[in-house]
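Throughout, read-outs are computed from the coordinates displayed, never taken from laboratory work. Treat the numbers as computed from the prediction; the structure is a model and nothing was measured. Counting neighbours? That spans all protein chains shown, and the Cβs are built from the backbone with ideal geometry, glycine included.
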Amino acid sequence: MIEITNFDGTRVEKVLTEEEQGMMIEEVWENANPTSSFAAQTLPVDVSDATLVMIDFAFATTDRSTRYVHTGIVGAFNIFYFPTSLMGNGLVGMACRGLTPRIGNRNIEFRDGLLKGANQTTPTTNNTYCIPMRIYKCKL
Amino acid sequence: MDERKYALNLGEDGRILSATYEEYAAEGMPIVESLPAGETAEENDISNYRYVDGKYVYDPIPQPEPEEPVDRLGQLEADVMYLSMMTGVDIPTSEV
């Protein structure tokens, strides 16, 4: 419900239609203990009425001031990569929350956290990286 | 003012996977007044606990052994020497 002031100064209250409301963003989950490891798991979060999901990741349990907000599509497998640093030799370290976690209508599947140093060929499991902090659903 | 309560996301064996606040709880998630904590970093990591019969059980996840650092230059030189032996081609390498 919003209040609209007409040109003649009169005021009316109006219930906006969905189209008039525009994009709606609602927080649907918050990590209550972000200093803890976050292993692979399925979060029961109802995003069935949403088109997009935004997940606010912290770089690590020990570095929660570095953030990366990733947008995913409901009903699809999404890729969440988090570049860590650009080394002097041009190689990039990388942390990610696994590969292709799926955002379903009523749950979000997260894989284990992975960390690959700039000089490593394969990533290693490390659940202290890429920590989900908040999840928002977006209705367009 | 009431303290916020927490909702636990549990694994099959009661392992605490994550915690959120009560207002975000899904059906079936246990609601608790407080989260487990201790004196060390491991004791403050809730994933090191299981929630069984309404109580927290400290059951830390074994930490993997740190990997030995890889001597990549040494490996590359070994690969080059092997190639040199197999092909009969003299490939110069760095001298130690």
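Points worth noting:
- Peptide A:25-34 shows a mean partner chain C-beta count of 5 within 10 Å per residue C-beta.
- Counting Cβ atoms of other protein chains within 10 Å of each residue's Cβ and taking the mean over peptide B:49-60 gives 0.
- Panel order for A:14, A:139, by other beta carbons found within 10 Å of each beta carbon, from fewest to most: A:14, A:139.
- For peptide B:15-26, the mean count of partner chain Cβ atoms within 10 Å of a residue's Cβ comes to 6.
- Each residue in B:55, A:137 was given a count of other beta-carbon atoms within 10 angstrom of its own, and listing them fewest first yields B:55, A:137.
- Amide proton proximity set for residue B:18, modelled H, under 5 Å, gap of 5+: B:9
- Taking label points 7 Å from Cα along the Cα-to-Cβ direction, residue A:54 and residue B:43 give a separation of 3.9 nm.
- Local electrostatic count, residue B:83, Cβ distance below 13 Å [Lys/Arg +1, Asp/Glu -1]: -3
- Ordered by the count of other Cβ atoms within 10 Å of each Cβ, fewest first, A:129, A:68, B:24, B:58 give B:58, A:68, B:24, A:129.
- Amide H contacts under 5 Å for residue A:127, placed H, 5+ residues apart: A:113
- Listed values for segment A:129-137 are Karplus-derived 3J(HN,Hα) couplings in whole Hz (6.51 cos²θ - 1.76 cosθ + 1.60, θ = phi - 60°), namely 10, 6, 8, x, 9, 9, 10, 10, 10, and x replaces Gly and Pro.
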